[in-house]
1. Among the residues of the stretch 1-34, which ones are modelled with pLDDT of 80 or more and either exposed (fewer than 12 other Cβ atoms within 10 Å of the Cβ) or part of a loop (DSSP other than H, G, I, E, B) (or both)?
2. Given the criterion touching a Cys at 6+ places or on another chain (Cβ under 6 Å) and modelled with pLDDT under 80, identify the matching residue among 37, 46, 98.
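The values are calculated or read from the model by the stated rules, or taken from the named source; none is laboratory data. Source: prediction; values computed, not measured. Cβ placement follows ideal geometry from the backbone for every residue including glycine, while neighbour counts extend to all protein chains displayed.
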Amino acid sequence: MLSTGTRIKYRCTANVGSVPEGEILWERSSEMGTINSFIPYTPTLSTDIVQDASRQNGCFYSRTSTMYYNLTKLDEDGISFRCRALTYLGGKLYDALSKQQYRAVAGK
């Protein structure tokens, strides 16, 4: 159990296809992290998400997204985050759910 106010750092890396504009989106659980209850998450501060892309093997890009979150009293029942990668392949956009999922519980 982590203390309320603890700043947590999450990192997600994904192949985003043949153009560097592919991106990683974050979602948070709305109720205890059940698979059907994730909602889009955009932090209040724009500095709480940092993304960069790098070329891999000469033709694909890998993107890493680092997200920071401060636990609040509302997180005492637990909160989960997961990431989604928007990938461009052959001129088409694909939405891939990452297998990376993170859970935290705030204490007093």
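1. 3, 4, 5, 6, 7, 9
2. Working: 37 fails: touching a Cys at 6+ places or on another chain (Cβ under 6 Å); 46 fails: touching a Cys at 6+ places or on another chain (Cβ under 6 Å).
Answer to the selection: 98.
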